[in-house]
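Below: one structure, written as structure tokens.
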Amino acid sequence: MKLMPEYAQTIIVGVTFHGTWGWYVSEREYWFLNVEMEDRFGIKVLDETTAEQFLNRIDDCRVTSLELSQTLEALREAFASFDEVLEFIPAIYVNFDERLLCSQFPEPMSFEHYIPEGWTGLYQDFMERVPKAQRYWLLGGADFFNEMWNKLKDARP
């Protein structure tokens, strides 16, 4: 993994493009889809017509669900508060095929409002939209995030 998730800065994003799922750990700024970003390789609007070019440019940010699962397992005992676990909850889902962006970004940055014309933007939990084989937080049949919430909910950072 090139980058590690960092709360509200470097985020985990699920992407569907041409029917294929991918996870990316990248800078959050990339995902304001209809805003011209200096750091987005000259791509003014990120949509279904520019997705291939963009995803090729950030290919080094792509991670597998196995890598993410292994990272959670490796950090399991190191997590001291649930705030640390939050870094590993996916923040955004972009489906370029359906022209849909769902955000569950935990801070007041409304990614769902910065979408290309003709797209749908939603602020909602999208975990059920993730294909079962890609749910890296399901470890040994248990939901890692729920397990850590129950363990750490009363811990102070």
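Brief remarks on what is shown
- Residue in the stretch 131-145 that is without any contact (Cβ under 8 Å) to a residue 12 or more places away in the chain and in a loop (DSSP other than H, G, I, E, B) present: yes
- If the condition is being out of contact with any strand residue (DSSP E or B) (no Cβ under 9 Å at 6 or more places or on another chain) and aliphatic (A, V, I, L, M), then the stretch 80-97 contributes ALA80, VAL85, LEU86.
- Within the stretch 72-108, the residues that satisfy the criterion of being of a type in the set (Val, Ile, Thr) and either within 16 Å of LEU139 (Cβ to Cβ) or assigned to a helix (DSSP H, G or I) (or both) are VAL85, ILE89.
- Yes/no for GLU128 being open to solvent by 50 Å² or more (accessible area, probe 1.4 Å), over 16 Å from the mean Cα position of the chain (by Cα) and modelled with pLDDT of 95 or more: no
- The stretch 104-125, subset without any contact (Cβ under 8 Å) to a residue 24 or more places away in the chain and in contact with a helix residue (DSSP H, G or I) (Cβ under 9 Å, 6 or more places away or on another chain), residue most open to solvent (accessible area, probe 1.4 Å): TYR123
- Long-range neighbours under 6 Å by Cβ, at least six apart or interchain, first residue farther than 20 Å from LEU75 by Cβ within the stretch 1-28, second part of a strand (DSSP E or B) and charged (D, E, K, R): GLY22/ARG62
- Scanning the stretch 17-58 for residues that are assigned to a strand (DSSP E or B), of a type outside the set (A, V, I, L, M, F, W, C) and open to solvent by less than 20 Å² (accessible area, probe 1.4 Å) yields a count of 3.
- Residue that is nearest to ARG76 (Cα to Cα) [pool: residues in the stretch 116-125 that are part of a loop (DSSP other than H, G, I, E, B) and under 16 Å from the mean Cα position of the chain (by Cα)]: ASP125
The values are calculated or read from the model by the stated rules, or taken from the named source; none is laboratory data. Remember, predicted model here, so these are calculated numbers, not experimental data. Please note: Cβ atoms are built from the backbone with ideal geometry, for glycine as well, and neighbour counts cover all protein chains shown. Accessible surface is based on the protein model in full, side chains and every heavy atom, while ligands, DNA and RNA are left aside. Shrake-Rupley method; radii C 1.70, N 1.55, O 1.52, S 1.80 Å.
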